[in-house]
1. Taking other Cβ within 10 Å of each residue's Cβ, how do ASP94, ASP152, ASP180, ASP186 sort, fewest first?
2. From Cα pairs below 8 angstrom and at least 6 apart in sequence, can you work out the relative contact order of segment 103-160, rounded to a whole percent?
3. Could you please rank SER126, SER119, placing first whichever residue has the fewest other Cβ atoms within 10 Å of its Cβ?
4. Taking 0.36 nm per residue of sequence separation and subtracting the Cα-Cα distance, how much length would be gained by fully extending the chain between ASP180 and VAL192, in nm to one decimal?
5. Please compute the length gained on full extension between PHE82 and LEU100, using 0.36 nm multiplied by the number of residues separating them and subtracting their Cα-Cα distance.
6. Evaluate E = 1/(1 + (r/R0)^6) for ARG222 and VAL107, where r is the Cβ-Cβ distance and R0 equals 25 Å; express this FRET efficiency to the nearest 0.05.
7. Provide HIS121, HIS162 in ascending order of the number of other Cβ atoms located within 10 Å of each residue's Cβ, fewest first.
8. Could you work out how far the C-alpha centroid of segment 168-212 sits from that of segment 95-141, in angstrom?
Amino acid sequence: MVPDAWGRTGSASLGRADVDRRRDRYARSPACPFGLRRSRHQARGVSIGPSFEHPFAAGVKPVVITVIRVIISSAVVLTVFFRVPVGDSANQSDVPFLALHVVLFAVIVAIEIPVIIRSKHPGLRSVEATILTILIFLTLFARIYLSISVSDPTTFNESLNHLRALYFTTAVFATVGFGDIVATTDAVRLVVTVQMVLNLVVIGVVVKVLFTAGTRGMERRRDEQSSSQEDEFGGSSAS
């Protein structure tokens with residue numbers, strides 16, 4: 001009998017397809033030199049760089065469930081924003097609610113990272129977490145602007161309500177700058193400047209961290225699937 005690539009003969013010998021499968025696994029593993037890994041995958045038309053899950057790669061049902069969760073989460077956040085009354089300096093301070101908002105933002109970011117990595121669909125989960133995080137960030141600053149306007153209506157060129165405050169915050173976040181609502185005092189302009197800086201932090205750091213967690217989660221799932229396939233293949237070869 002002709003021995004295979006591992007020197008085995010008989011019923012334990014491997015076919016050409018099995019050899020190719022084992023070579024592909026080795027080419028995807030960290031133990032394989034990067035140059036050899038790249039050349040093998042380029043020859044087979046496979047990319048080895050970081051990739052992100054296509055929204056419909058997991059199927060329609062997980063996408064629909066994710067959309068429903070995003071709608072429900074957004075509805076809860078916006079309901080709290082519009083329904084909770086705003087405190088002013090004359091009656092009650094709005095600082096406790098703003099502090100709770102900041103803590104909620106930090107907790108959600110911290111919790112979502114391990115949840116995304118362990119998720120069955122980490123790509124979808126990271127998109128969901130990103131939308132929720134940005135929405136909480138926007139409502140936080142909208143609440144700040146609304147509290148300032150309630151305390152002193154002259155701080156803006158027009159008095160703000162919940163919708164106008166959220167609109168102004170979103171315009172600043174999107175760097176649109178229509179100019180229909182503007183800050184009229186230096187103190188409020190400083191707050192707006194702080195939001196502009198934090199916009200860069202949220203987009204450049206927080207969103208990147210969430211999407212990186214999604215990429216790691218997909219790599220983890222690929223490793224688990226590869227390990228399970230290797231275990232099944234090893235069991236069938238031994239039998």
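1. ASP186, ASP180, ASP152, ASP94
2. Values: 24 pairs, mean separation 13.8, N = 58.
Computed value for segment 103-160: 24 percent relative contact order.
3. SER119, SER126
4. Extra length from ASP180 to VAL192 when fully extended: 2.8 nm.
5. The PHE82-LEU100 span can extend by a further 4.9 nm.
6. Details: r = 29 Å, r/R0 = 1.18.
The computed FRET efficiency comes out at 0.25.
7. Numbers: HIS121 23, HIS162 17.
By the 10 Å Cβ count, ascending, the order reads HIS162, HIS121.
8. Going from one Cα centre to the other spans 18 Å.
Bear in mind these aren't lab numbers, they're just calculated from the coordinates by the rules spelled out. Predicted model, so just to flag it, every value in this text is computed and none were measured. Reconstructed Cβ throughout: ideal geometry from the backbone, glycine too, with neighbour counts over all protein chains shown.
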